[in-house]
1. Only Lys, Arg, Asp and Glu count, each charged at its Cβ (+1, +1, -1, -1), so figure out the dipole size of the chain about its Cα centre, rounded to 20 debye.
2. What does the extension gain come out to for Asp24 and Glu161, with contour length at 0.36 nm per residue minus their alpha carbon separation?
3. Give me the accessible area per residue for the chain, probe 1.4 Å, as a whole number in Å².
4. Using unit Cβ charges (K, R positive; D, E negative) and no other charged atoms, how large, in debye to the nearest 20, is the dipole of segment 1-67 about its Cα centre?
5. State whether the chain is rounded, prolate or oblate according to the following rule on the C-alpha gyration tensor (a ≥ b ≥ c being the square roots of its eigenvalues): a/c under 1.5 gives rounded; otherwise a/b larger than b/c gives prolate, and the remaining case gives oblate.
6. Which one, Leu95, Leu125, Ala113, is farthest towards the positive end of the dipole of segment 81-126 when Lys and Arg carry +1 and Asp and Glu -1 on their Cβ?
7. How large a share of the accessible area of segment 81-126, in percent, is made up of carbon and sulfur atoms when the probe is 1.4 Å and the other protein chains stay in place?
8. Mind checking which of Ser107, Ser88, Ser30 has the largest fluctuation in a GNM of the chain, springs on alpha carbons under 10 Å?
Amino acid sequence: MAEPKLTVTKDAVVTVDYTLTLEDGEVVESTQGGMPLRFLAGNGEILPVLEDALMSLSVGDELNIVIDPQDGYGEYDEEAFEEVPLDSFPANETLEPGMPVGVEDSSGEVFEAYVSEVRADTVVLDFNHPLAGETLHFKVKVIDARPATAEELAHGHVHDEDGHHHH
Ligand code: ZN
């Protein structure tokens with residue numbers, strides 16, 4: 001008797017192997033040789049276009065999808081730079097180009113930015129995502145799917161098999 005096929009649906013805990021390649025062939029992310037990616041489907045943990053394409057796939061299925069920048073990490077914005085005083089960072093923090101930093105605006109909302117340039121008294125921050133402007137080629141294989149537990153649904157994220165949180 002055949003087991004029921006496990007499929008990707010909203011609120012399923014889905015495990016995938018994936019490789020993300022850019023237009024020029026550079027591999028920027030891959031689970032090959034490492035931990036597969038697990039996420040709670042339908043909860044905004046991965047790119048919406050990618051999630052939509054994965055919906056209703058079964059364990060063992062593979063997906064190849066090309067995602068335009070506007071559906072990926074946005075178009076590259078040449079205006080999305082800001083120069084901030086160097087002393088707004090902790091003195092013991094060594095700032096290097098490419099480093100991600102959290103920047104809080106006046107309303108307390110935190111944005112992720114990247115150090116673009118460190119000057120004498122200021123730091124130039126780049127608010128573009130590192131993959132902004134890139135066409136994304138995802139190759140994904142579904143390796144597991146299971147219903148989420150009530151606790152996982154309440155928290156909106158996946159818990160480890162042993163029930164431990166990883167927040
Ligand atoms: Zn939790």
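The values are calculated or read from the model by the stated rules, or taken from the named source; none is laboratory data. For clarity, every value in this text was computed on a predicted model and none was experimentally measured. FYI the Cβ positions are ideal-geometry reconstructions off the backbone, even for glycines, and counts take in every protein chain you see. The protein model used for the area step is the full one, side chains on, heavy atoms only, and it has no ligands, DNA or RNA in it. Shrake-Rupley method; radii C 1.70, N 1.55, O 1.52, S 1.80 Å.
1. Roughly 940 debye, rounded to the nearest 20.
2. 45.5 nm is the gain from fully extending Asp24 to Glu161.
3. Averaged over the residues of the chain, the accessible area is 62 Å².
4. For this selection, approximately 320 debye.
5. Prolate.
6. Going by the charge dipole, the pick is Leu95.
7. 48 percent
8. Result for the chain, Cα springs under 10 Å: Ser107 fluctuates most.
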